Amino acid sequence: MSGPAPAHLAVTASTTVVGVIGDPIGHSLSPVLHNAAFGALGLDWVSVAFRVPPGRAAAALTGMRALGIAGLSVTMPHKHEVARLVDRLTPAAARLEAVNCVVRSGDELVGENTDGAGFVASLERGTGFDPSGARCVVLGAGGAARAVVLALAGAGAADIAVVNRTGAKAAAAAALAGPRGRVGAPADAVTADLVVNATPIGMGGMGSEGATSAVDPSRLHPGQVVADLVYHPLVTPWLRAASEAGATPLGGLGMLVHQAAAQLRCWTGSDAPLAAMWEAATGELASGEDGRPA
Ligand code: NAP
């Protein structure tokens, strides 16, 4: 990781340790976001990245218990496996069968999923959009899309159409929204109040040779909010097309910051210093070379 170390990083025997597990992990922004927050809050906490290969999540949680690690962020490929390993799941993590955050509660490890709440917080703070009663289209049906569908349903969206190239996955994601979820078609984007790209198209140059979006951006228009979960680059071809169509664009960095903020709240009980976290993330992304987040 490049960039200045947070001022508080004098790690001592009394420092509380949290971390992120995944593989690959070298480009995770979790330590950047959380260490910036600990610094701003003056907490004697530190976040470190642990590369945990596929199939080793159980050993990582055993290590967490033995070492007294206070919390873990969880990223690919471990989100589903960790959901089977913790002692208890929150309702969101149970519905998604995926955990992005492990919280220590006494001797118990609790699995939480903050991705969907992070998206809705980013939507509300970034654009003022209230999902209540809204018609929404979610492009993609992977882990991120599923979290967004569940959170939009929880926030009162009236209709959530999932558009995905693999139909069975679209149906499974739409089912998370109950009767307000359905498998959609690209044409649904025309009548939607909110259109969310939850595919990786546009990420790090992906799509530069083929499609630059999962639906034709000519379906977008003023009055809509158009979101991309991709945050590198900060402005994707999808967001550029949304702006050109007169829609309100929302990039993926807000979701990243808000899901990390929610994790921090789970671990520390403190409100997250969002400005410090945002600044750290943008600084780190700007310092990346070779087109990847550093
Ligand atoms: P995932 O589980 O692998 O799901 C990817 C989804 O995108 C699948 O539904 C897949 O369709 C679809 N897809 C992939 N390539 C496609 C293509 N070329 N054309 C059409 N559809 C395509 O991934 P994920 O974890 O959900 O992540 C999706 C994106 O969200 C990634 O870019 C990730 O970086 C981003 N993300 C951002 C945040 C944030 O905080 N901002 C958080 C999580 C994820 P099939 O089902 O047909 O395979």
From 127, 166, residue being β-branched (Val, Ile, Thr), surrounded by fewer than 24 Cβ atoms within 10 Å (Cβ to Cβ) and within 12 Å of the ligand (Cβ to nearest atom): 166
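Identify all residues within region 12-29 that are closer than 23 Å to residue 255 by Cα and either touching a Leu at 6+ places or on another chain (Cβ under 9 Å) or exposed (fewer than 14 other Cβ atoms within 10 Å of the Cβ) (or both); write none if there are none. Walk me through it before giving the result.
Of all residues in region 12-29, those closer than 23 Å to residue 255 by Cα come to 18-29.
18, 19, 20, 21, 24, 26, 29 - these are the residues of region 12-29 that are closer than 23 Å to residue 255 by Cα and either touching a Leu at 6+ places or on another chain (Cβ under 9 Å) or exposed (fewer than 14 other Cβ atoms within 10 Å of the Cβ) (or both).
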Looking at residue 235 and the list (1) surrounded by 18 or more Cβ atoms within 10 Å (Cβ to Cβ); (2) within 14 Å of the ligand (Cβ to nearest atom), which single condition is not satisfied? (1)
Return the pairs, sorted by first residue and then second, in which the second residue is within 11 Å of the ligand (Cβ to nearest atom) and assigned to a loop (DSSP other than H, G, I, E, B), the first residue lies in region 72-86 and is closer than 20 Å to residue 17 by Cα and of a type in the set (A, V, I, L, M, F, W, C), the beta carbons are less than 6 Å apart, and the residues are 6+ apart or on different chains. 74/100
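If only one of 145, 161, 153, 141 is away from the ligand (no atom under 16 Å from the Cβ) and more than 28 Å from residue 17 (Cα to Cα), which one is it?
Selected residue: 153, the only one of 145, 161, 153, 141 that is away from the ligand (no atom under 16 Å from the Cβ) and more than 28 Å from residue 17 (Cα to Cα).
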Give the residues of region 175-202 that are within 12 Å of the ligand (Cβ to nearest atom), buried (at least 19 other Cβ atoms within 10 Å of the Cβ) and not in a strand (DSSP E or B), sorted by residue number. 198, 199, 201, 202
Residue match in region 226-236 (condition: farther than 21 Å from residue 133 by Cα and in contact with an Asp or Glu (Cβ under 6 Å, 6 or more places away or on another chain)): yes
So which of 68, 111 ends up being over 15 Å from the mean Cα position of the chain (by Cα), more than 22 Å from residue 214 (Cα to Cα), surrounded by fewer than 24 Cβ atoms within 10 Å (Cβ to Cβ) and not charged (D, E, K, R)? 68
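Every read-out reported here was derived from the displayed coordinates using simple, explicitly stated rules and does not represent laboratory data. Treat the numbers as computed from the prediction; the structure is a model and nothing was measured. Every residue, glycine among them, receives a Cβ derived from its backbone with ideal geometry; neighbour counts consider all protein chains shown.
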